[in-house]
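Undergrad: Take a look at this one; I'll ask things after.
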Amino acid sequence: MQALFLKIIYSVVIRNFLKLIVGVKFDKADFLLQEKQFIIVANHNSHMDTMALMASLPSSIIHHS
């Protein structure tokens with residue numbers, strides 16, 4: 001249930017908020033589906049970067065982060 005909630009929140013709500021209101025452009029991150037492990041690094045210390053990173057992940061791996 002929690003994984004479904006995270007997928008919906010980050011894939012639909014936050015992603016669209018960041019795209020429409022903030023102007024964030026998301027590149028395709030589907031290549032991460034083939035990786036067993038990876039590290040994502042933000043370039044700022046803000047909550048907005050965390051939301052943007054989570055929203056940029058494919059929805060099938062959001063609950064693993």
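Undergrad: Give me F31, F17 sorted ascending by neighbouring Cβ count inside 10 Å, so fewest comes first.
TA: In order of increasing Cβ crowding within 10 Å: F31, F17.
Undergrad: Then there is this: In what sequence do L20, L32 fall when counting other Cβ within 10 Å, fewest first?
TA: So the ranking, lowest neighbour count to highest, is L20, L32.
Undergrad: So what's the net charge close to V22: Lys and Arg +1, Asp and Glu -1, counting the other residues with Cβ under 14 Å from its Cβ?
TA: Result for the neighbourhood of V22: +2.
Undergrad: A further question follows. What is the Cα radius of gyration of the chain over 2.2 N^0.38 Å, N being its residue count? It would help to have the intermediate numbers written out before the result.
TA: Values: Rg = 11.6 Å, N = 65, 2.2 N^0.38 = 10.7 Å.
This ratio for the chain stands at 1.08.
Undergrad: Would you mind ranking K7, K25, K36 by Cβ crowding within 10 Å, fewest neighbours first?
TA: Ordered from fewest to most neighbouring Cβ atoms within 10 Å, K7, K25, K36 come out as K36, K25, K7.
Any read-out appearing in this document is the output of simple, stated calculations on the displayed coordinates, not a laboratory observation. What you are looking at is a predicted structure, and each value in this text was computed from that prediction instead of being measured. Virtual Cβ from ideal backbone geometry, glycine too; neighbours counted across all protein chains shown.
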